[in-house]
Structures are given as C-alpha cells and as structure tokens.
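Read-outs: derived from the displayed coordinates by stated rules, not from any lab. Predicted model, so just to flag it, every value in this text is computed and none were measured. As a convention, Cβ positions derive from the backbone with ideal geometry for all residues, glycine included, and neighbour counts pool all protein chains shown.
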Amino acid sequence: MSDSNNTLNQEFRTAMRQLAGGVSVITAAHGDNRTGLTATSVVSISMDPPELFISVNRSSSSWPVIEKSGKFGINVLQQGQQVVAEHFSGKGGRKGADRYADDDWYQTPDGVWLSRRALVGFACDVEKVWMHREHALIAGKVTLINVHAGPQPLTYWHGNYGSFIQN
C-alpha cells in the first residue's frame, strides 16, 4: 500500500472518530458457538417489513457464526453498559462466550441472544448479504423487538464512551 493510501486511511479513521453514534452489541450464535461485536452504526432500512442493516468484517469471529445461523441480535446499549461494549469490542482479550460476562442475557426461542438491560433488543433473520471489500453488509429482517425502560443510551465519540444529555 502506498504512503498516500496509508495517509488517507489514517485521516479517514481520524475523521470517522468525529461521528458520534449510539453503541450496540451485535450477538451471534450457532449451536454452542457464541460471539459478537460492538457496533456504532445500525441503520433502519425498511419499516414494512421492519429491517435493519449492519456491517461485519469478514475476518471477525462473528461473521462465520452469522453466516451459518442466518440470525443475529442487535442490543442498543444503555449508559450503564460500557463494560459490555468493551467486552464485545475485544478489550481485555475477551473472546467468544466470555464476552457475555457481566450482563443479563437471554436466548429467544429462535436462538438469538439479547440483553435484558439493553434499551432495545432486536432479533433478526439474515434477509440479504452483500460482500464489499473486507465486509459483509447484512440486511436483517426483524423478527422480535424487546423495548426496556431504561436510562440514557450509551454513546461513542472520539474514542470515548458517554451518554446523551437532555436539556
């Protein structure tokens, strides 16, 4: 890779840190294999039927599990779940099912893992996948929604976790 591409890639990373986002954990399970990742970008792509869009690096531990199961969960984290976000980001070396420590998880009848503490949990079936460079871009059809009353959402900006403050 050229120096100009390296510079542009670094500038892009720095620029994207300016984009504040809500923090979600994407869960993936197939049989006894459980894993997941932290995401700051979940996009609504359809209301009828309800569908959400995520992007997963194909070299991650989560992609082959989502691909095999055809399902995933999206957990919109609340301000008290920073440690959960860190576990699923791999901070501290957590892998697989160890990422689920320190939270209250349950499995839906379809086998999707959702947090009882998250502001919202979505169970999704993989509807369509597009491969683009190193990522799988996944449209998920929502099959279950659990909204929990809770505090403020967990946010991420410029490499730091925080919360939304209402005026």
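Annotation: amide H of Gln78 within the under-5 Å range of Leu119, Leu154, sequence separation 5 or more or interchain, hydrogens built in the peptide plane. Taking square-rooted eigenvalues a ≥ b ≥ c of the alpha carbon gyration tensor, is the stretch 85-137 rounded, prolate or oblate, where a/c under 1.5 means rounded and, failing that, a/b exceeding b/c means prolate? Oblate. Per-residue Karplus couplings for the stretch 99-112, computed as 6.51 cos²θ - 1.76 cosθ + 1.60 with θ equal to phi - 60°, are listed in order as 5, 7, 5, 6, 8, 10, 9, 9, 9, 6, x, 8, x, 8 Hz, Gly and Pro entered as x. Phi angles of the stretch 63-69 translate, via the Karplus equation with coefficients 6.51, -1.76, 1.60 and θ = phi - 60°, into HN-Hα couplings of 4, x, 6, 5, 4, 6, 7 Hz per residue; Gly and Pro are given as x. In order along the stretch 56-61, the phi-based Karplus estimate (6.51 cos²θ - 1.76 cosθ + 1.60, θ = phi - 60°) of 3J(HN,Hα) comes to 10, 5, 5, 8, 6, 6 Hz; Gly and Pro are listed as x.
For Glu127, the amide hydrogen comes within under 5 Å of the amide hydrogens of Ala139, Gly140, Lys141, counting only partners 5 or more places away or on other chains and with H modelled in the peptide plane. Each peptide in 101-109, 84-92 receives the mean, over its residues, of other Cβ atoms within 10 Å, and ordering these scores from highest gives 84-92, 101-109. Averaged over residues, the count of other Cβ atoms within 10 Å places the peptides 116-127, 33-44, 151-162, 9-20 in the sequence 116-127, 33-44, 151-162, 9-20, highest first.
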